[in-house]
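The values are calculated or read from the model by the stated rules, or taken from the named source; none is laboratory data. What you see is a predicted model, and the numbers here were worked out from it, not measured in a lab. Glycine also receives a Cβ, built like all others from the backbone with ideal geometry; neighbour counts cover every protein chain displayed. SASA here: full protein model, heavy atoms, side chains in, ligands and nucleic acids out. Shrake-Rupley method; radii C 1.70, N 1.55, O 1.52, S 1.80 Å.
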Amino acid sequence: MKEILVIAEHRQGELRDITMEILGLANQLAQAHGLSVTGVFLGADASPFSQTLARTCDRILVVEDPGLDNYNADPYLLVLAQIISQQQPYLTLLGHTAMGMDLAPALSARLAIPLVTDCVGLAFPRDCLEASRQVYGGKVNALLRMKPSSQYLATIRPGSFSVDLAQDKTATVEKLPSPSWEGLKGRRFLGYLEPEVEDVDISEADILVSIGRGIGKPENIPVAEAFAEAIGATLSCSRPVADKGWLPKSRQVGTSGKTVRPKVYIALGISGAFQHQAGMKNSGTIIAVNKDPKAPIFKVAHYGIVADLFQVLPMLTEKFKKS
Ligand SMILES: Cc1cc2nc3c(=O)[nH]c(=O)nc-3n(C[C@H](O)[C@H](O)[C@H](O)COP(=O)(O)OP(=O)(O)OC[C@H]3O[C@@H](n4cnc5c(N)ncnc54)[C@H](O)[C@@H]3O)c2cc1C
């Protein structure tokens, strides 16, 4: 049976969300095309992750070595090139993350396997891989059909697929020997430098209350904050709000901000420019409040309220506080 190989990504003892997102996509493709899903874990110790991976994979390949605990392109490339050459998977998936962007082109060049990057959708319509990618800052999606090949490599944009833990598989774990990389002296892992503390990570929130230019002035932000607090949401924003310094840049949603996929996204006074939509249109339920009935945000919203947000919000806040 043809195989999809998913390269697990972990950092500082935690499996990164992108791994579960790719596994969700891999399982969808596997079910539709009769393929199997194999997770690949490189690290010092796979045991903290094996239960999660076992549920979502048919097979797990593990290479345990202290030298693989932290991502380093040199040993990772060596080990993965060897695994892919031996296993000959039909498709190998990595996140379009710092690690995936570093590794995938090198794997493609070394193994002469066609690569498509930053995908937001994949399909096998016939005997080839078809990939969707966003172009022009997310305004349109381009559909790329790859030439027929026995193997493909693809990187997947984070936040494009939901984390899938619904699978109930019981993968077998195969431990592979760690190759020697004595001769590799190119790069050494020194340590992690933490970025300046961001107040919150909006991409992790279940509910986002997002404010746009319609909020008017920074003195009005507490109205949205009170509503967010009443419903247990995190505050995010469109670009003008971040550009004006009303909220930190880390709260900006969109092509030049963050891609989010909360269960509920509430857009307040946001017109819904395509650069904003590109960062939130895959949210579970989208609710928009805007006084302009023609605002583009209503095209992606599941529920819309055409009203002045300053009339709607205090009423809603009171209602939620009472319930
Ligand atoms: C290269 C590039 C990258 C970009 N990246 C991003 C990005 O990452 N994220 C992003 O958001 N934008 C981004 N933009 C900017 C984007 O094009 C829009 O300009 C921006 O999203 C508009 O923000 P907004 O909806 O808050 O403001 P506006 O477009 O000004 O919309 C304000 C809305 O509020 C409504 N409104 C006003 N008052 C009220 C009220 N009292 N009650 C209810 N509704 C009200 C209005 O009807 C209007 O629809 C980018 C642009 C470029 C060129």
Would you calculate a helix-derived [θ] at 222 nm for the chain, using -39,500 (n - 2.57) for each DSSP H run of n ≥ 4 and dividing by the full residue count, to the nearest 500?
-9000 deg cm²/dmol
Computed FRET efficiency, Cβ-Cβ of GLN87 and ARG11, R0 25 Å: what is it to the nearest 0.05?
0.55
For helix 309-322, what angle does its Cα long axis make with the longest principal axis of the chain, in degrees from 0 to 90 and rounded to 10?
80
Working from Cα positions, state the angle (0 to 90°, nearest 10) between the long axis of helix 98-111 and the longest principal axis of the chain.
30
Just tell me the longest site-free run in the chain, where the sites are trypsin sites (Lys or Arg not before Pro) in a DSSP loop having at most 11 other beta-carbon atoms within 10 Å.
1-125
Measure of exposure for SER50: accessible area at 1.4 Å probe, Å² rounded to 10, is 40
Long pairs among LYS217/LYS263; LYS139/LYS299; LYS281/LYS321; LYS2/LYS147; LYS244/LYS322, criterion Cα-Cα beyond 25 Å
LYS217/LYS263; LYS281/LYS321; LYS244/LYS322
Subtract the Cα-Cα distance of MET101 and ALA142 from 0.36 nm times their separation in residues, and report this length gain in nm to one decimal.
12.8 nm
For the stretch 202-322, state the average projected area of the convex hull of the C-alpha atoms over all orientations, rounded to one decimal in nm².
6.3
Tell me, in nm to one decimal, what length is gained between SER47 and ARG110 on full extension, where the rule is 0.36 nm per residue of separation less the Cα-Cα distance?
19.6 nm
Average accessible surface area per residue within the stretch 3-175, 1.4 Å rolling probe, Å²:
41
Point-to-point label distance, SER256-LYS291, nm (Cα→Cβ direction, 7 Å offset):
2.7
Excluding ligands, DNA and RNA, the carbon-plus-sulfur percentage of the accessible area of the chain with a 1.4 Å probe reads 51
Gain on full stretching of the segment that runs from ASP201 to HIS302 - 0.36 nm per residue minus C-alpha separation
33.9 nm
Return one number: the angle in degrees, 0 to 90 and rounded to the nearest 10, between the long axis of the Cα atoms of helix 73-87 and the longest principal axis of the Cα atoms of the chain.
70
